[in-house]
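Here the structure is laid out as structure tokens; the discussion comes afterwards.
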Amino acid sequence: MASDAAALSLSGVDSFYGDSHVLHGVGFALRPGRLLALLGRNGAGKTTCLATIMGFLRPRRGEIRLYGERISGLSPEAICRRGVGLVPQGRRVFRSLTVRENLAVAARGRGPWTVERVFELFPRLRERHGQLAGSLSGGEQQMLAIGRALMGNPRVLLMDEPSEGLAPQIVAEVGRIIGRLNAEGLSIVLVEQNVKMTLGLAHDVVIINTGAVVFEGPVEEARRDEARLAQHLGVF
Amino acid sequence: MQFWLIQTLNSLALGGLLFLLSSGFSLIFGLQRIPNLAHGALFMLGAYIGTSLLAREVDFWLAAPLAGVLVGLLGVALERLVLRRLAGNEQGQVLVTLGVAFIIADLCLLVWTGDPIPVPAPEGLRRPVFLFGFAFPTYRLVVLGIAVAAAIGLFLLMERTRLGAMIRAGVDDPEMARGVGIRVSGLFTTVFCLGVALAGTAGVLGGPILSAYPGLDADMLPLALVVVILGGVGSLLGAFVGSFVVSSIYNFGTALFPDLAYVILFLPMVLALVFKPEGLFGRVRA
């Protein structure tokens, strides 16, 4: 499945958490400028998949390539510096740093993203720039987590449940921002529980079930096959 | 009155030394998640190196930072060659630092023998100053001043620079810090080096007050532990406040209730661990 045309490709990836075998030969490809939705039930291995791409977990087998360059086996800092950004589950902002510091420590490489540009995207963060990240609301922390990932000027952005635990209004705003970033050309892998929002944004869909890919295809095809969605994702 | 004043000043001077020792200990603990049990031994090593430098007529104010640099370099070697290989094995790392503490103590005994070596205060600071009719030991005031200056310097480094923000990010969430491209292992080395260099420097500065003797390490390490657990792991402010609280408890406790000195010292630590394990100013549980 790996191809040179892909922004990000996984092939035959096996990952373990300690002794437990979580990912079984996972393979899929994200094409440049596309938004790929990675779906699956709780515990299916979505977060493990992102953790493996980011280098938090070393795959035991298989390989991961970023624009053709092999990144599996590299350290997370090296993977970040090559152009992978992560908006992690639970946001994980640096709580004792101010908003501005959270962005400043993540600034990498040359590209359009600066603290100023993140503030233009999220004016609310500008208002709170001197505040400790730990004191922000959930929605503001999510904006900060997205802004922080952008500060690395990523070529591929991984987003793990950005709508989790947010008020519906904020979810809609986060969805708009994701759509806008993608429309500006950023390639995105989006993990979401919110299937409806995700199918509205995605070009391609990958479904994993108990650590293995059970569907990969364009979003239209996924939509047509509601039985399959229901089978792998539960009723929605 | 003179008793209280002198004891207070002694507490402040010891608190200053303790801050130089425990600030590095606390930063290393906060970032690497391990108590560096060799920290007391590195303080003692600094003191002994200081005595050798002073014996070779090196100026006191040069000897102190020089000893700090030498101890800091040893720290880099320890971090890169030993601790790094045990990454992820925290128990192993702690045990290694304890082993290194014993090795350093034994080597010090071999090189500098078992006799205490007194360290004279620098020329010009040996005579007391008289204020309001009371005599104050000048050198202790200077040590206090140096500790306050170091605290301000460290505060500016940690709170006002990008390096400091990256270190704090590493304390908050080391994995995520790596995920945004911060080379946390490089920070580990930097912080470890800085922390033990401060300890080495403090050893020399403490010389005129404590002198250099076998067992100095075992006297100082528990104090640093109490400071950090009371003040909060990884917190500079905690180390600062904790240092003066602990030195006061220790000084007044020893003077007023000599039989209970250790009870008075360790009881607050036990209470802190039970009721407020993150310390007064910390975020990470000890």
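The values are calculated or read from the model by the stated rules, or taken from the named source; none is laboratory data. For clarity, every value in this text was computed on a predicted model and none was experimentally measured. Glycine also receives a Cβ, built like all others from the backbone with ideal geometry; neighbour counts cover every protein chain displayed. Remember, those area values only see protein heavy atoms, side chains included, never the ligands or the DNA or RNA. Shrake-Rupley method; radii C 1.70, N 1.55, O 1.52, S 1.80 Å.
Quick notes
- Counted without the sites themselves, the longest stretch of chain B free of GluC sites (Glu not before Pro) in a DSSP loop having at most 10 other beta carbon atoms within 10 Å is B:124-286.
- Shown in residue order for the range B:148-164 are the 3J(HN,Hα) couplings computed by the Karplus curve 6.51 cos²θ - 1.76 cosθ + 1.60 at θ = phi - 60°: 5, 4, 4, 4, 5, x, 5, 4, 4, 4, 6, 9, 10, 10, 5, 4, x Hz (x for Gly and Pro).
- Rounded to 10°, Cα long-axis angle of helix B:90-112 versus longest principal axis of chain B: 30 degrees
- In this rough spin-label picture, where each label sits 7 Å from Cα along the Cβ direction, the A:Arg180-A:His21 distance is 4.6 nm.
- Rg over Rh [alpha-carbon atoms, Kirkwood Rh] for the range A:29-112: 0.98
- Overall shape of the range B:2-214 was characterised from the C-alpha gyration tensor. The equivalent ellipsoid obtained from it has semi-axes of 32, 21, 14 Å, in decreasing order.
- For A:Glu192, the amide hydrogen comes within under 5 Å of the amide hydrogens of A:Leu38, A:Glu161, counting only partners 5 or more places away or on other chains and with H modelled in the peptide plane.
- Trypsin sites (Lys or Arg not before Pro), loop per DSSP, at most 13 other Cβ atoms within 10 Å - longest free stretch of chain A: A:111-236
- Applying both filters, DSSP loop and at most 16 other Cβ atoms within 10 Å, to the chymotrypsin sites (Phe, Trp or Tyr not before Pro) of the range B:87-150 gives B:Phe132.
- Normalised by the number of residues in chain B, the average gap of Cα pairs under 8 Å and 6 or more apart makes the relative contact order 36 percent.
- Span from the the range A:129-193 Cα centroid across to the the range B:226-286 one, whole angstrom: 41 Å
- Acute angle (nearest 10 degrees) that the helix A:168-183 long axis makes with the longest principal axis of chain A, alpha-carbon atoms: 80 degrees
- Dimensionless Rg/Rh of the range B:1-93 - Kirkwood Rh, Rg from C-alpha atoms: 1.09
- Percentage relative contact order, chain A, counting C-alpha pairs under 8 Å, at least six apart: 27 percent
- Legend: Rg and Dmax of the range A:120-236, from Cα coordinates, 15.7, 49 Å.
- Anisotropy class of the range B:195-286 from Cα gyration tensor, a/c 1.5 cut: oblate
- Separation in nanometres of the label points that stand 7 Å from Cα toward Cβ, at B:Leu260 and B:Arg162: 5.4 nm
- DSSP-loop trypsin sites (Lys or Arg not before Pro) across the range B:33-132, with at most 16 other Cβ within 10 angstrom: B:Arg33, B:Arg56, B:Arg126
- √(5λ) per eigenvalue of the Cα gyration tensor, the range B:181-245, largest first, Å: 24, 17, 10
- For the range B:247-286, the list of chymotrypsin sites (Phe, Trp or Tyr not before Pro) that fall in a loop by DSSP and count at most 16 other C-beta atoms within 10 angstrom is empty.
- Heavy-atom accessible area order for B:Cys193, B:Cys108, largest first, 1.4 Å probe: B:Cys193, B:Cys108
- Calculated from backbone phi, Karplus (6.51, -1.76, 1.60) coupling profile of the range B:247-253 in Hz, x at Gly/Pro: 5, 5, 4, 5, 5, 5, x
- Amide H contacts under 5 Å for A:Gly25, placed H, 5+ residues apart: A:Val13, A:Asp14, A:Ser15
- Range of Cα positions in the protein assembly as shown per principal axis (Å), largest first: 91, 46, 42
- Cα extents of chain A along the three principal axes, largest first (Å): 46, 37, 34
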